[in-house]
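What follows is one structure encoded as structure tokens, with my remarks underneath.
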Amino acid sequence: MSNTTNGVIWSAIERFSVQGVQFLLSIVIARLITPAEYGLIAMLAIFMAVAQTFIDSGFGSALIQKKDRDETDYSTVFYFNILVSVVLYGILFLCAPLIAGFYKQPLLTEVTRWVGLNLIFSSFSIVQRTRLSIELNFKVQTKASLASVVISGAIGIYTAYQGWGVWALVVQSLSNNLLSTLFLWIAAKWRPAIVFSMNSFKRLFSFGSKLLVSALMHTVYLNLYSLVIGKVYNAMDVGYYNRAYTISQYPSTNIVSVICRVIYPVQCEHQHDQTWLEETFLKYLRLSCFVVFPLMVLLAVIAKPLVLLVLTAKWLPSAELISILSLAYMWYPVMVINNQMLNVKGRSDLFLRAEIIKKIVAVAILAVTLPFGLRWLCYGVLLYNIFDMWMIIFFTKKVMNTGYLMQIRALMPVTTLTAVSGMMAAGSMLFLESAWWQIIVGMLVFSAAYIGGSVIFKFSEFVFVNNIIHRKHK
């Protein structure tokens, strides 16, 4: 089995075992606390995400993209990450009362100061994760991440059951980041040298700085919804939206992450082989969409009975939001794989230019839809994702011979099959009242239609996925 295929398998195991366990644990905790308490943590998401983006500053991608990286590069990035995390935590600590006043939630002062410690904890393991990703060593990451998630999840459930409310989420996140960093230090066996090189910093930052600005704009956009919902509406609405967002983006972001975190180092090693890059680009794109599209459409179809059974009726307002956002994030693989190609070719300038245009449009859509409630906010996300996909393909065409028509032709078969399967599943659920039966029948009909269509029309991606499963089993 090739290193790339093995990397994909272990990346998938790491991503879905860790994220899967974390996802299930979050559902258990969500049943034990109120949407308003959940919304308090979600209100801090934009501040934590922006700070974390500054800490990384694009250096992770820069290290992977640089072919002649050395120990000086690693150590320089390591010390930079820690320094920035301490400075940003100090700023967050001082600004905590202002954040609480902005949302009119006094409890957020103490919550912010405790949650902010995650920035320092995580900064100690960024380089370790990057080194392991370069080596395609996702097995070590799997063990470290899974152990920390299980232990911290158990702590979170216990404290939530004891009635700690929002503090159960705080304790869970702190213990998760602290344990993950500790386990990675033990398993990765890398220690920084006592050296900081300004030349190394400048070389890496010249590439990473553009990614930093792009990542900041994207991070602000993703978390801007929780910010404005918390300000314009209330904590409960933040909880509904955040829970819907978390569930709807889970399949697409995790599957795409599994594939991209493996193929990015490989593509960077072949960044000058244009023919190879174009051929593998389309293969990875079709494979990602073949897996992601059906999962997202199925989630959109069964969202309401799923929320009733898993989260209980108190979370029911989030069901419609899940359906809309699932259709929005089904296009995530197209956006990310096109984005990644710009980085592979070293064109972070084009990446930044595309991001500026996209986020101007995104903010305009948010401003227009905000007065009309959560449903229309989610429709705005769907509209933006379609625009995002169209815009990034335009810029990718500047470095690759893979324009609109080529990508449309590549994805049309799986898009059509997914749409037909979704309509059949939705139709089969119309006359069923039981939530259990709606989920069971909907999933069976969708699976039969999608797998059957893949076999009849001889989708090469179906054969590929089937072969990987059987090879791993053997």
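Is it the case that some residue within region 72-94 is of a type outside the set (Ser, Thr, Tyr) and modelled with pLDDT under 75? Checked region 72-94: no residue is of a type outside the set (Ser, Thr, Tyr) and modelled with pLDDT under 75. All of 232, 228 fail the test of being out of contact with any Lys or Arg (no Cβ under 7 Å at 6 or more places or on another chain), over 25 Å from residue 27 (Cα atoms) and surrounded by fewer than 18 Cβ atoms within 10 Å (Cβ to Cβ), apart from 232. If you check residue 47 against the conditions, is it at pLDDT 80 or above and open to solvent by 40 Å² or more (accessible area, probe 1.4 Å)? Against the criterion (at pLDDT 80 or above and open to solvent by 40 Å² or more (accessible area, probe 1.4 Å)), residue 47 qualifies. Residues in region 153-178 that are under 22 Å from residue 113 (Cβ atoms) and under 20 Å from the mean Cα position of the chain (by Cα): 169, 172, 173, 174, 176, 177.
Show me the helices (runs of 4 or more DSSP H) found entirely inside region 41-126 where at least 1 residues are more than 23 Å from residue 343 (Cα to Cα).
Values: elements: 45-56, 59-65, 71-103, 108-115, 117-123.
Here the list reads 45-56, 71-103, 108-115, 117-123.
Considering each residue of region 108-127, count those that are open to solvent by 30 Å² or more (accessible area, probe 1.4 Å) and either in contact (Cβ under 8 Å) with a residue 60 or more places away in the chain or among the aliphatic types (A, V, I, L, M) (or both), and give that number. Before you say what the answer is, go through the steps one by one.
Of all residues in region 108-127, those open to solvent by 30 Å² or more (accessible area, probe 1.4 Å) come to 110, 113-114, 117, 120-121, 124.
So of that shortlist, the ones also either in contact (Cβ under 8 Å) with a residue 60 or more places away in the chain or among the aliphatic types (A, V, I, L, M) (or both) come out as 114, 117, 120-121, 124.
Matching residues across region 108-127 total 5.
Put simply, of 196, 183, 201 the only residue that is under 30 Å from residue 68 (Cα atoms) and part of a loop (DSSP other than H, G, I, E, B) is 196. The residues of region 286-322 that are at pLDDT 90 or above and of a type in the set (Phe, Trp, Tyr), listed by number, are 290, 293. For residue 377, the conditions (1) closer than 30 Å to residue 283 by Cα; (2) surrounded by 19 or more Cβ atoms within 10 Å (Cβ to Cβ) all hold with the exception of (1).
Of all residues in region 378-400, those that are closer than 30 Å to residue 273 by Cα and among the basic types (Lys, Arg) have Cβ atoms under 8 Å from Cβ atoms of residues that are open to solvent by 50 Å² or more (accessible area, probe 1.4 Å) and part of a helix (DSSP H, G or I), 6 or more apart or on another chain, in 397/404.
Here is a list: 402, 418. Which entry is more than 28 Å from residue 303 (Cα to Cα) and surrounded by 17 or more Cβ atoms within 10 Å (Cβ to Cβ)?
Details: 418 fails: more than 28 Å from residue 303 (Cα to Cα).
None of the other options fit; the residue is 402.
Quick one: is residue 298 within 30 Å of residue 28 (Cα to Cα) and assigned to a helix (DSSP H, G or I)?
Values: within 30 Å of residue 28 (Cα to Cα): yes; assigned to a helix (DSSP H, G or I): yes.
Criteria met by residue 298.
Within the option set 131, 191, being open to solvent by 50 Å² or more (accessible area, probe 1.4 Å) and of a type in the set (D, E, K, R) holds for one residue only, 191. Within region 267-297, the set of residues being open to solvent by 20 Å² or more (accessible area, probe 1.4 Å), out of contact with any Leu (no Cβ under 8 Å at 6 or more places or on another chain) and farther than 23 Å from residue 251 by Cα comprises 269, 272, 273, 274, 275, 276, 278, 279.
Residue-level check: of (1) open to solvent by 50 Å² or more (accessible area, probe 1.4 Å); (2) part of a helix (DSSP H, G or I), residue 257 misses just (1). Contact map, region 167-178: first residue closer than 19 Å to residue 144 by Cα and without any contact (Cβ under 8 Å) to a residue 24 or more places away in the chain, second residue open to solvent by less than 30 Å² (accessible area, probe 1.4 Å) and in a helix (DSSP H, G or I), Cβ cut-off under 7 Å, separation 6 or more or different chains; pairs are 171/156; 171/159.
Checking the condition over 18 Å from residue 219 (Cβ atoms) and modelled with pLDDT of 90 or more, which residue from 350, 325, 383 passes?
Numbers: 350 fails: modelled with pLDDT of 90 or more; 325 fails: over 18 Å from residue 219 (Cβ atoms).
None of the other options fit; the residue is 383.
Scan region 448-459 for residues that are assigned to a helix (DSSP H, G or I) and touching a residue at least 12 places away in the same chain (Cβ under 8 Å) and jot them down.
Of region 448-459, the ones assigned to a helix (DSSP H, G or I) are 448-456.
Hits for region 448-459 are 449, 450, 453, 454.
Within region 156-180, the set of residues being open to solvent by 40 Å² or more (accessible area, probe 1.4 Å) and either assigned to a loop (DSSP other than H, G, I, E, B) or at positive phi (or both) comprises 162, 163, 164.
Please indicate, with yes or no, whether at least one residue in region 413-430 is touching a Lys or Arg at 6+ places or on another chain (Cβ under 8 Å) and at negative phi.
Scanning region 413-430, I find at least one residue that is touching a Lys or Arg at 6+ places or on another chain (Cβ under 8 Å) and at negative phi, so the answer is yes.
Annotation: of all residues in region 11-35 being among the polar types (S, T, N, Q) and modelled with pLDDT of 70 or more, the one that is nearest to residue 233 (Cα to Cα) is 34. Each residue in region 438-456 was checked for being surrounded by 13 or more Cβ atoms within 10 Å (Cβ to Cβ), of a type in the set (A, V, I, L, M, F, W, C) and either over 27 Å from the mean Cα position of the chain (by Cα) or at pLDDT below 90 (or both), and 5 pass.
Would you check if there is a residue in region 194-204 being crowded, with 19+ Cβ neighbours inside 10 Å, in contact (Cβ under 8 Å) with a residue 60 or more places away in the chain and among the basic types (Lys, Arg)? Taking every residue of region 194-204 in turn, none turns out to be crowded, with 19+ Cβ neighbours inside 10 Å, in contact (Cβ under 8 Å) with a residue 60 or more places away in the chain and among the basic types (Lys, Arg).
In region 128-149, what residues are in contact with a Pro (Cβ under 7 Å, 6 or more places away or on another chain) and under 23 Å from residue 82 (Cα atoms)? Explain how you work it out, then say what you get.
To start, the set of residues in region 128-149 that are in contact with a Pro (Cβ under 7 Å, 6 or more places away or on another chain) comprises 133-134, 136.
Result: 133, 134.
The values are calculated or read from the model by the stated rules, or taken from the named source; none is laboratory data. Given the structure is predicted, the values throughout are model-derived calculations rather than measurements. Quick reminder, even Gly has a Cβ in these numbers, built from the backbone with ideal geometry, and neighbours come from all protein chains shown. SASA here: full protein model, heavy atoms, side chains in, ligands and nucleic acids out. Shrake-Rupley method; radii C 1.70, N 1.55, O 1.52, S 1.80 Å.
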